[in-house]
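The values are calculated or read from the model by the stated rules, or taken from the named source; none is laboratory data. These figures come from a predicted structure and were not determined experimentally. Ideal geometry is used to build each Cβ from the backbone, glycine not excepted, and the neighbour counts take in all protein chains shown.
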Amino acid sequence: MARMMRAQVIEAPGKMVLKQVPVPEITPDEVLIKVSMCGICGTDWKIYKGEYASEFLPMISGHEFVGVIEEVGSNAKGLKKGDRVAVDICLPCGTCYYCRRGDALLCETFTQLGIHTDGAFAEYVKAPWKNCYLIPDEVDALSAAFVEPLTAVMQAAKKMDISIASSVVIIGTGLGILHGALAKLRGAAPVIVIGRSESKLRLAKQLGADYTININEVDDPVAEVKKLTGGVGADYVLESVGTPETYEQAFNMVRRGGKVEAFGICPPDQKACFSPYEFVLGEKKVSGSCAGIGNDWGDVLTLLKYKRIDPTPMFSMIVPLEELEQALHELRTNKDLIKVFVDPQATERKILR
Ligand SMILES: [Zn+2]
Ligand SMILES: [Zn+2]
């Protein structure tokens, strides 16, 4: 009989069931990982509600994980039982037009582990061995489980390519807090973070922002940014909210010749308004960035190892697997919660901040 494990299975939109399922069987190109920790992401809520990737249900979600290798496929190199690993969740096809150009994030049949295939809200998860990154001893389990969201921030930072002593505005205080931290690491000055939650703006300051703007307290965030940048606007603006309104603010607060990085995801049917005239005469630039891939994992682990970035103030609590569904709802209603992790081995929740 197959070995069994506990897993939270999303059987249909809005229906999550904790049940016994077979431990995944690996191919020679995969490893089996015992999950130590898995972060809960906004995407998990969307999968749970059937708003994203619903054609893949029933499935186990969970893509921000760290674990210990339990079994190694015969083709795997440089990995052994007991190794702690983080996993690049990207599963590009490798052969389409974009993959062959080296733009695997644009793969025509792009899927991700834990989003389109079974993930880590379970005792075990399997992954291709080539996607595994060894975790340095200096990096603790929670930070390691936070590598995946950090890779998305890392990829955006590479695309923005901030030059030293440039002004940077980040709109949003979810991953926005980390975009601010990486901008500072790249030598940006000043780093300005815009949000609506005082506690999250305080955290943004703690992680490196020079100024914060609470939109509940100002009439016009564009005017505030101009005031802080000598009247010209910001060299770079990163949108990390995902509403047409905040995108319009981003287009208006970037200086002439400056660059907008589009990161926040709007619903597909929404449109934002901007002036092509200002983009042409102002020589403004815009680029998009949605996820991390490949050595973004290695690069984030390097930054964590050498303490160039410390995300731990963002960690709110750890819950047992049993409480995943409840925690998904709490994340919607309790705006002070930032990062919540599931520990499949835990029996009770642990508050971290
Ligand atoms: Zn995520
Ligand atoms: Zn492809």
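Any residue that is surrounded by fewer than 24 Cβ atoms within 10 Å (Cβ to Cβ), in the same structural domain as residue 234 (by TED's automatic domain parsing) and not in a helix (DSSP H, G or I) - is there at least one of those in region 147-160? No, every residue in region 147-160 fails to be surrounded by fewer than 24 Cβ atoms within 10 Å (Cβ to Cβ), in the same structural domain as residue 234 (by TED's automatic domain parsing) and not in a helix (DSSP H, G or I). For region 72-87, filtering for residues that are within 15 Å of residue 29 (Cα to Cα) and within 16 Å of ligand 1 (Cβ to nearest atom) leaves 1.
Based on this model, can you work out whether residue 220 counts as more than 30 Å from residue 316 (Cα to Cα), at pLDDT 95 or above and in contact with a Ser or Thr (Cβ under 9 Å, 6 or more places away or on another chain)? Against the criterion (more than 30 Å from residue 316 (Cα to Cα), at pLDDT 95 or above and in contact with a Ser or Thr (Cβ under 9 Å, 6 or more places away or on another chain)), residue 220 does not qualify.
State yes or no: is residue 333 under 16 Å from residue 66 (Cα atoms) and among the polar types (S, T, N, Q)? Let's see the steps before the verdict.
Numbers: under 16 Å from residue 66 (Cα atoms): no; among the polar types (S, T, N, Q): yes.
So residue 333 fails the test.
Can you find, within region 88-107, the residue that is farthest from residue 298 (Cα to Cα) among those that are within 16 Å of ligand 1 (Cβ to nearest atom) and in contact (Cβ under 8 Å) with a residue 60 or more places away in the chain? Before you say what the answer is, go through the steps one by one.
Filtering region 88-107 down to residues within 16 Å of ligand 1 (Cβ to nearest atom) leaves 88-91, 105.
Then keep just the ones that are in contact (Cβ under 8 Å) with a residue 60 or more places away in the chain; that gives 88, 90, 105.
Details: 88: 9, 90: 14, 105: 17 Å.
Here the answer is 105.
Taken as a whole, the condition of being away from ligand 1 (no atom under 16 Å from the Cβ), over 25 Å from residue 54 (Cα atoms) and assigned by TED's automatic domain parsing to the domain that holds residue 327 does not apply to residue 169. Checked across region 22-41, the condition of being surrounded by 19 or more Cβ atoms within 10 Å (Cβ to Cβ), among the polar types (S, T, N, Q) and either closer than 30 Å to residue 242 by Cα or assigned by TED's automatic domain parsing to the domain that holds residue 341 (or both) holds for at least one residue. Taking the conditions (1) within 16 Å of ligand 2 (Cβ to nearest atom); (2) outside any strand (DSSP E or B) in turn, residue 112 satisfies each one other than (2).
Out of curiosity, is residue 59 more than 16 Å from ligand 2 (Cβ to nearest atom) and in contact (Cβ under 8 Å) with a residue 24 or more places away in the chain? Full working, then the answer.
Working: more than 16 Å from ligand 2 (Cβ to nearest atom): yes; in contact (Cβ under 8 Å) with a residue 24 or more places away in the chain: yes.
So residue 59 passes the test.
Only one of these is more than 16 Å from ligand 2 (Cβ to nearest atom) and among the β-branched types (Val, Ile, Thr): 40, 89. Name it.
Working: 89 fails: more than 16 Å from ligand 2 (Cβ to nearest atom).
Answer to the check: 40.
Candidates in region 115-146 are the residues that are in a helix (DSSP H, G or I) and under 22 Å from residue 346 (Cα atoms); of these, the one that is nearest to ligand 1 (Cβ to nearest atom) is 145. Of all residues in region 50-63, which are more than 18 Å from residue 21 (Cα to Cα), more than 10 Å from ligand 1 (Cβ to nearest atom) and within 19 Å of the chain's Cα centre (by Cα)? Once the filter is applied, which keeps residues that are more than 18 Å from residue 21 (Cα to Cα), more than 10 Å from ligand 1 (Cβ to nearest atom) and within 19 Å of the chain's Cα centre (by Cα), region 50-63 yields 51, 52, 53. Identification of strands (runs of 3 or more DSSP E) wholly contained in region 176-252 with 2 or more residues that are crowded, with 16+ Cβ neighbours inside 10 Å and among the hydroxyl-bearing types (Ser, Thr, Tyr) yields 211-214. Across region 289-322, which residue is nearest to residue 260 (Cα to Cα) among those that are aliphatic (A, V, I, L, M) and in a helix (DSSP H, G or I)? Checking each candidate, the answer is 300.
Looking only at region 87-105, count how many residues are more than 17 Å from the chain's Cα centre (by Cα) and not hydroxyl-bearing (Ser, Thr, Tyr). Explain how you work it out, then say what you get.
Kept after step one, since they are more than 17 Å from the chain's Cα centre (by Cα), are these residues of region 87-105: 92-104.
Add one more test, that the residue is not hydroxyl-bearing (Ser, Thr, Tyr), and what stays is 92-94, 96, 99-104.
So the count comes out to 10.
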